[in-house]
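**Q** Structure provided below as structure tokens; questions to follow.
Throughout, read-outs are computed from the coordinates displayed, never taken from laboratory work. Here the structure is a predicted model, which means the values were calculated and not measured. No Cβ is skipped: glycine too gets one built from the backbone with ideal geometry, and neighbour counts run over all protein chains shown.
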Amino acid sequence: MEMEKTGAGVAVLSAKEAFEKLEKVGEGTYGKVYRAREKATGKIVALKKTRLHEDQEGVPPTTLREVSILRMLSRDPHVVRLMDVKQGQNKEGKTVLYLVFEYMDTDLKKFIRSFRQTGQSIPPQTIKSLMYQLCKGIAFCHGHGILHRDLKPHNLLMDRKTMMLKIADLGLARAFTVPIKKYTHEILTLWYRAPEVLLGATHYSMAVDIWSVGCIFAELVTKQALFAGDSELQQLLHIFRLLGTPNEEVWPGVSKLKDWHEYPQWNPKSLSTAVPGLDELGLDLLSQMLEYEPSKRISAKKAMEHAYFNDLDKGHL
Amino acid sequence: MDDDLSSSLLCHENETCLKEGGEELEYQFAGSQHDCGVSEDERVGILIEREIVLGFKRDESMVFGDWVKRARVEAINWILKTRATLGFRFETAYLSVTYFDRFLSRRSIDSEKSWAIRLLSIACLSLAAKMEECNVPGLSEFKLDDYSFEGKVIQKMELLVLSTLEWEMGIITPFDFLSYFITKFCKESPPSPIFYKTMQLIFTTMKEVNLMDHKPSVIAVAATLVAMDQQLTRDAVELKMSSIPQHRLLESKDVFEYYNLIQRLYEENTKSDTHTPIEMTESSRVTSSAAMTKRRRLTFSDDEGSSHGKGPPG
């Protein structure tokens with residue numbers, strides 16, 4: 001990674017001097033994201049501007065975690081590459097950080113929307129390729145002890161020409177170690193949130209990411225979110241309607257989770273009713289990603305070895 | 001976790017708590033709920049490889065001077081005391097000392113700038129808390145006895161630490177290895193007392209050594225072995241280590257050297273205090289010649305870069 005050196009005697013260009021902003025392409029909690037041109041090379045990059053607006057907070061934890069995790073993971077082709085971190089000041093004299101990323105021209109949310117708008121299906125081999133890349137990227141993160149915790153189509157960047165997929169937005173990512181730490185459960189976009197998190201589990205593991213991957217898999221096939229709840233309760237009920245209301249038999253310990261209540265009793269339906277058009281092998285993989293019991297959920301590494309991917313040319317991925 | 005690993009687990013307790021001063025530290029041992037498709041052996045292999053990238057090795061040209069050593073002990077005492085006050089995990093305190101040592105291995109601080117060491121310790125603990133803790137307090141919660149720093153000054157120091165460490169903050173510590181080594185070594189012993197004792201040994205030696213000089217895996221193995229048996233010969237250490245699939249990645253010479261260092265410090269502690277041979281000195285206060293003076297405020301002047309600060313007025 002070409003991180004800037006800030007040692008004595010090294011002249012470092014400020015972000016304003018080094019880049020020409022071309023357009024705003026997004027906005028996050030801490031600031032805006034721009035498409036920009038690096039003046040020295042003409043290279044197009046994404047600039048993620050982070051305001052350090054709170055003197056009492058210092059460097060935001062999300063920025064700190066995102067950058068330090070990307071420093072560790074950025075060499076993987078399926079994790080977005082952080083090229084540099086630049087420091088500057090805004091008009092009010094406040095410190096601003098610019099994270100300089102490689103530029104990707106779309107994300108999976110926009111990609112799915114474009115197919116939904118034209119009424120076309122995403123080709124099965126395209127889905128397979130994207131899913132394999134996603135599993136590969138997540139396996140790399142998990143192998144290095146990192147949980148993403150906020151996987152959703154919007155956080156998966158793509159290059160339309162090469163169909164390359166990259167995991168981004170690691171602001172909520174955490175290093176997990178064994179021991180597993182107690183994590184806050186106020187994370188993750190509802191639609192992709194694992195049931196153990198919705199039920200208040202504070203000890204959780206990589207399985208939360210795999211649940212999100214399963215939801216994304218189904219969405220690639222149907223072009224609709226699999227479980228589109230507008231509250232934590234509604235989200236759980238959406239899940240229970242399809243997969244059946246869990247109990248101690250299918251998920252030992254579920255009734256002891258902090259937010260467990262008595263829920264309406266539904267029997268599990270076949271996944272093919274919710275994801276028509278997915279072949280048998282795909283449905284088998286999806287069912288393993290959507291296992292209720294976190295320890296039974298397939299790992300990203302095992303998912304890559306699933307027979308669903310057997311006919312995929314993995315050479316260039 | 002792979003079946004072959006599950007069957008080889010020697011300690012079958014899922015969770016053990018380290019009780020310290022009435023608080024509980026949850027410590028969950030390796031178990032099937034952590035399956036990420038990577039066996040524990042592979043995970044430890046990845047960590048040991050990352051240690052090499054992170055540059056944990058003794059650099060003879062980089063030896064802390066006497067004043068830095070003294071200031072460092074004071075900083076560690078403050079970090080441990082503040083860890084207890086703010087309810088942070090022990091791992092957070094250790095990580096902050098790793099940042100502290102890493103920073104001082106790359107930048108020097110003039111001996112008359114004791115305020116800079118204080119500021120550095122606040123920045124390191126604040127950054128470690130942001131990496132490790134779920135609830136991070138505001139910068140004003142990090143209080144010193146002898147100086148008062150504004151939030152924006154601490155923020156500038158945080159940024160200096162980050163740029164000096166090149167934002168490489170996901171640093172490995174011995175705690176990343178503990179459950180693995182305790183599980184491999186403990187056989188019939190219940191892990192809880194071993195774990196607690198190993199923690200104490202790690203924290204005791206932390207004050208005496210530059211953490212950049214020793215690989216965290218080496219510290220973890222050596223401390224675990226001392227916690228289990230203080231009479232091991234070099235051959236016995238090598239024999240114990242051979243039970244670890246990743247033992248070829250660990251230098252037995254380094255492990256035995258650190259084992260002896262812990263032993264020596266353990267004995268010194270035992271002689272100096274018969275009641276608590278190894279004590280986490282979180283209750284000890286920061287002592288310094290400036291501690292008796294009134295609080296003084298440090299501000300960076302606008303014309304200075306974030307790497308320098310004006311000392312407090314004399």
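**Q** Return the FRET efficiency for the residue pair B:A84, B:C134: r is the Cβ-Cβ distance, R0 is 22 Å, and the value is rounded to the nearest 0.05.
**A** 0.80
**Q** Now a separate question. What is the pair-distance distribution P(r) of chain A, computed from all Cα-Cα distances in 10 Å bins starting at 0, with each bin given as a whole percent?
**A** Computed distribution, short to long bins: 5, 25, 32, 23, 11, 3, 0.
**Q** Take every DSSP beta bridge with both residues inside chain A and express the antiparallel ones as a percent of the total, to the nearest 5.
**A** 95
**Q** Could you check the simple spin-label distance between A:E248 and B:V53, using points 7 Å along Cα→Cβ, in nm with one decimal?
**A** 4.5
**Q** Follow-up. Considering only Cα-Cα distances, which of the following residue pairs are longer than 26 Å: A:K32/A:K223; A:K49/A:K128; A:K86/B:K152?
**A** A:K32/A:K223; A:K49/A:K128
**Q** What do you get for GluC sites (Glu not before Pro) in the range A:217-274 restricted to DSSP loop and a cutoff of at most 16 other Cβ within 10 Å of the site's Cβ?
**A** Answer by residue number: A:E248, A:E249, A:E262.
**Q** Let me ask you something else. If you put +1 on each Lys and Arg Cβ and -1 on each Asp and Glu Cβ, how big is the dipole of the range A:17-102 around its Cα centre, in Debye rounded to 20?
**A** Computed about the Cα centre, the dipole is about 240 debye.
**Q** Something else now. Is the range B:205-253 rounded, prolate or oblate when judged by the Cα gyration tensor, a ≥ b ≥ c being the square roots of its eigenvalues, rounded requiring a/c under 1.5 and prolate requiring a/b larger than b/c?
**A** Oblate is the answer for the range B:205-253, as a/c is 1.5 or above yet b/c matches or exceeds a/b.
**Q** How far apart, in nm, are the 7 Å Cα→Cβ label points at A:T189 and A:T106?
**A** 1.6
**Q** Between A:Q89 and A:K32, what is the label-point separation in nm under the 7 Å Cα-to-beta-carbon projection?
**A** Placing both labels 7 Å beyond Cα along the Cβ direction yields 2.1 nm.
**Q** Okay, moving on. Determine the dipole magnitude for chain A: charges of +1 sit on the beta-carbon of Lys and Arg, -1 on that of Asp and Glu, nothing else is charged, the reference point is the Cα centre, and the result goes in debye to the nearest 20.
**A** Using only the charged Cβ atoms, the result is roughly 920 debye.
**Q** Between their Cα atoms, which of B:K69/B:K143; A:K152/B:K156; A:K166/A:K269 are more than 26 Å away from each other?
**A** Listed pairs above 26 Å: A:K152/B:K156; A:K166/A:K269.
**Q** Quick check on chain A: helices-only [θ] at 222 nm, where DSSP H runs of length 4 and up contribute -39,500 (n - 2.57) each and the sum goes over total residues. Nearest 500, please.
**A** Roughly -9000 deg cm²/dmol at 222 nm, from the helical runs in chain A.
**Q** Related question: Let me know the shape class of the range A:17-102, please: from the alpha-carbon gyration tensor, a ≥ b ≥ c as square roots of the eigenvalues, rounded when a/c is under 1.5, otherwise prolate if a/b is greater than b/c, or oblate.
**A** It comes out oblate by the Cα gyration axes.
**Q** Which trypsin sites (Lys or Arg not before Pro) in the range B:146-212 pass both tests, a DSSP loop state and at most 10 other beta-carbon atoms within 10 Å?
**A** When the trypsin sites (Lys or Arg not before Pro) of the range B:146-212 are filtered for loop state and at most 10 Cβ neighbours within 10 Å, B:K187 remain.
**Q** So if each residue of separation counts as 0.36 nm, and I subtract the Cα-Cα distance between A:R113 and A:S14, what length gain in nm does that give?
**A** Between A:R113 and A:S14, full extension yields an extra 31.9 nm.
**Q** Now for a different question. Between A:W260 and A:Q125, 0.36 nm times their residue separation minus their Cα-Cα distance comes to what?
**A** Extra length available between A:W260 and A:Q125 comes to 44.6 nm.
**Q** Residues of the range A:189-210 with the amide nitrogen closer than 16 Å to a label point 7 Å from the Cα of A:R241, along Cα-to-Cβ, please.
**A** Zone members listed by number: A:191-192.
**Q** In chain A, which helices (entire DSSP H runs) extend 18 Å or more along their own long axis, judged by Cα positions, while averaging at least -1.0 on the Kyte-Doolittle scale?
**A** The qualifying helices are A:124-143, A:207-222.
**Q** For B:R264 and B:S243, FRET efficiency with R0 = 25 Å and r from the beta-carbon atoms, rounded to 0.05?
**A** The pair B:S243/B:R264 has a calculated efficiency of 0.50.
**Q** Which whole-number percent is the relative contact order of chain A (Cα, under 8 Å, 6+ apart)?
**A** Rounded, it is 14 percent for chain A.
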